[in-house]
Structures are given as structure tokens and as C-alpha cells.
Amino acid sequence: MKYMTEIQAVITDPEGLEDLYQLSKQANEEAEFRTDLQELFEKTPDNLLLSAWHSRLTRLPLITKPKRTTHWGLAVVLGVITGLLLWAISDFNILFVDTLPYFLLLWAPTATIPCIIFLAVVSKRNYLYAVISSIGLIVACAYVLLITPGLPHLVSQDYLILMLFELPLLCWIGIGVAVMGFRSSDTNRFAFLIKSIEVMITAGVYLIFGMVFGGITLGLFAALGITPSDVIIRLIAAGGFGLIPIMAVATIYDPQVSPEMQDFNQGLSKFIFTLVRLLLPLSILVLLIYILVIPFNFMAPFLNRDLLIVYNVMQFAIIGLLIGATPLRVDDLSIKLQTWLRRGIIAVSILALVISLYALSAVTYRTAMDGITLNRTTIIGWNIINIVILFTLILTQVRKSLTGWHERIQKVFSKATIAYLIWSLFLIVVLPLIFK
């Protein structure tokens, strides 16, 4: 918020605001100026001067951008440390409360904290948020490890399985806080979502190559008649896995600029956006066919628990698809393409909303018949949140024109991250106390 006070001081002075903008460009700090002006605009959208500047900067590409320097040395050092920590807990024969290997439970926080350190050190800012996020993740893990042994056996099993998904989600939110703080603009938050998808895909590519390399290495040992010990095999597997998250972050994300100022115009960003555009019509077709088939097997999710889990996974997949399909900027998109892209997003949202309401009715029915459980509480909560997201997205589009359509969707997903954080904390902290 370097320019926040200065912008507020000239908020009614067009010439003064222009001078301030030119000064920010001379100081190579245009990115900070844009971020602060965008945040003020979102707080006071009726201000004509800020509205004009918002439109101007939206259509004006960022020319001055610091040259990116990737700190591979630091990334490798932190990756090696992460790998050693994961290796220390990689024995799958050592189970937490005789249920779950420590590695499966703690891999995400163990890999996330070095990533947070890397981002803070390279960016040379947000140290306080990095410390808060890291401590928060440590406290969350300690809480899970301390409260689980005191839960009934079946509840502890369900709770630990839930933590396999909730702790990684909390880690992702923790990285967002470390990068942007607690008060960030909608555009910044949405840009972080897009970059997160890129990082995850890159990590998946690294994982594939790592598995191939590991397989070749073990094959060479076997050809020489050498059988590595379990400790060595775990060192290769867990140590290599520890390098993946931070190398993916270092490859894709530039810590020296804000999320909205990242490069989205080439490479993997362009590929993902193009791929998701192609998936939209296919998703519409699949969802439409499924809705048409529902009447012929209407009671299936009401009677089959596994189907409800599939529905929940489908909801998150659709949310991810919609995030990936929404452009950060529309400068390079024709009006025709914007129109059809918007229609595709609306169509997918409507179809997904219908299926989500159907799934919610099924889990509500099972709860009414058999009582509330930890898993049903979790599913109901996520269903409601995702339904609200889809409904709000549809509402913001069908009642307004094409102008600013992508910004309205960005705002919906930006606000949704708050709901995700609150519900995740509830599931980790409060839910086990309810069923204790």
C-alpha cells in the first residue's frame, strides 16, 4: 500500500493523479500504483476519477516490469531441506493412531512452509504475513495431532481422512495470505487463483518426470544386481518429492511482483486458458446428458454414499474449470469470443447448480434418515458454499450486460475464498469437538 495515501490525497485532482502515476513509472513501481488504485476503486466505485483510471489501466498493458531473476539456489536448498523432512516421516509402517501414515497427513504443511519462506525472502516483503501463515499451519497440524487421539475410533478415522484434503487446502490459503496479506483486491486474489492452477499443473509435470527418473534409477540398480535398502528408496522418493512444490513455485511464480502483475500472456498460462475454453462445451455436453439420465436412476445418490463423494469432487472440478475459463483481462479477446465464453460459463454454472441441488437433497435425505455425522456435515457445508458461488455467479451475469462481465466473476471467486477459509477452519478446529 505504498501509494494508497498519495492517491487519496489527489483523489479529486486529475492532474495530480497523473503526476503521481508518472512518478511511479519513473521509480519502476507502476505495479504498486495499479494495485493501490484498484483497491481504492473497489472501495469507492462511484468515484468518477477512479473509475476512469480503472478503465484506463485495465486496457493499458503494464510496460515497466522488473526483470525476473529466479533464485534457483535458494529453491534447491529449501527443496533439499523439505525432502529430508519428508524422508524423516516417510515410513508408511509408522501410523498415527494406527490409522494413517504421518507422511500422508503432514506432507502438505511440510512442503508449504519452505515455499512461504522462499516467496518472502525473494520478494523481500510480507515477512509478517509469512510468519503468521507458517505459525498458523504449525498450530493447525499440532491441533490435529493432539485432538485426534481423544476422539472415538470411527470419528478419528473419518476426521483424519478429512484432514487429507483440508490441510492441503489450508496450506494453499496460507500461501495466499503470505503473498497478499489479509486485505487484497479482488483482481489480485483472482490472479492468485489462476497462478495456483498453473503451479499445480507444473508440479504434476515435475512429479511425472520425477517418477520416471526414480524408476530408471532403481532399474539401473537392479541391472547391476544392487538392491537398495528401504531407507535409500525412501530417501530417493521422499527427497525427490520434497523438491517438487518449491521448484514448481520458482518456475511459475515471480515473487517480486503482485499476483495480478504476473505473466499471463504466454507459455503455460496461455495453454491452460486455451485448454479450458475447449473443455467448456464438452463439460456442457456431459452435464446435460447426466441431468437427462437422472430421472431414470433418481434414488441412486440417496442410497449410495460413494456417489455423494463423486458429486462433491465434481463441484470442486467445476469451480476450478470456471476459474480457469475466466480471463484476468479481456484486451486480447474479441467481443464475439467474450460473448460465447461468457455464455459457456453461464451454461456450465446453471447445469452444475442443478446437479449440486440434487446432491444436496440426497445428503439431506440421508441425514434425516440416519442422523448427522462428521462426513455428512462436511459435505453439506461444502455443497452449500459451492451452490451459493454458482448461484451468485449466474445472478451477476444474467442481470447485467457484457461490459465488465469478467470482473464480476472474478469478484465472486475472490469473495468465495473467504468462505473456503472459514469453513476449512471450522472443519479442522470445531467439527471434531462437536463429535467428540
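With the cut-off at under 20 Å, measuring from each backbone N in region 348-372 to a point 7 Å along the Cα-to-Cβ line of F391 picks out 348-368. Given a 10 angstrom Cα cut-off, can you work out which residue in S51, S196, S414 is the most mobile in a GNM of the chain? Between S51, S196, S414, it is S51 that shows the largest mean-square fluctuation.
Note the full-extension length gain between L425 and S229 as 0.36 nm times their separation in residues minus their Cα-Cα distance, in nm to one decimal. The partial results should precede the final answer.
On the way: separation 196, 0.36 × 196 = 70.56 nm, distance 4.03 nm.
Net length gain for the segment: 66.5 nm.
From its DSSP helices (H runs of at least four residues, each -39,500 (n - 2.57)), the chain gives a residue-normalised ellipticity at 222 nm of -26000 deg cm²/dmol.
Global dimensions of region 72-259 from alpha-carbon coordinates: Rg and Dmax equal 17.9, 59 Å.
Between the amide H of F96 and those of Y102, distances stay under 5 Å, these residues lying 5 or more places away or on another chain, with hydrogens modeled in the peptide plane. Long hydrophobic helices in the chain, taken as whole DSSP H segments with a C-alpha length of 15 Å or more on their own axis and mean Kyte-Doolittle hydropathy at least 0.0: 48-59, 72-88, 102-123, 127-147, 153-180, 186-223, 230-252, 267-293, 305-325, 335-370, 374-398, 405-425.
Would you pull out the residues with amide H under 5 Å of L151's amide H, same chain only if 5 or more places away, H placed 1.01 Å from N? Answer set, sorted by chain and number: none.
How large is the charge dipole for the chain, taken about the Cα centre, if only the Cβ atoms of Lys, Arg (+1) and Asp, Glu (-1) carry charge, to the nearest 20 debye?
Numbers: 30 positive and 27 negative charges, 147 e Å.
Result for the chain is approximately 700 debye, rounded to the nearest 20.
Between Y358 and F209, the modelled label-to-label distance comes to 4.2 nm, taking each label 7 Å out from Cα in the direction of the beta carbon. Taken over the Cα atoms of region 4-59, the convex hull encloses 71 Å³ per residue. Return the label of the correct value of Cα extents along the principal axes in Å, as calculated from the structure shown, out of (1) 87, 54, 40; (2) 71, 57, 44; (3) 64, 63, 55. Recomputing Cα extents along the principal axes in Å here gives the entry labelled (2).
Of the residues K195, K25, K336, the one with the fewest other Cβ atoms within 10 Å heads the list, and the complete ranking is K336, K25, K195. Distance between the 7 Å Cα→Cβ label points at S51 and E6: 2.7 nm.
Each of T58 and A368 was given a label point 7 Å from its Cα along the Cα-to-Cβ line. The distance between the two points is 4.4 nm.
A short reminder: the numbers here are calculations on the coordinates, not readings from a lab. Owing to the predicted nature of the structure, the values given are computational and were not obtained by experimental measurement. Note: ideal-geometry Cβ built from the backbone for every residue, glycine included; neighbour counts use all protein chains shown.
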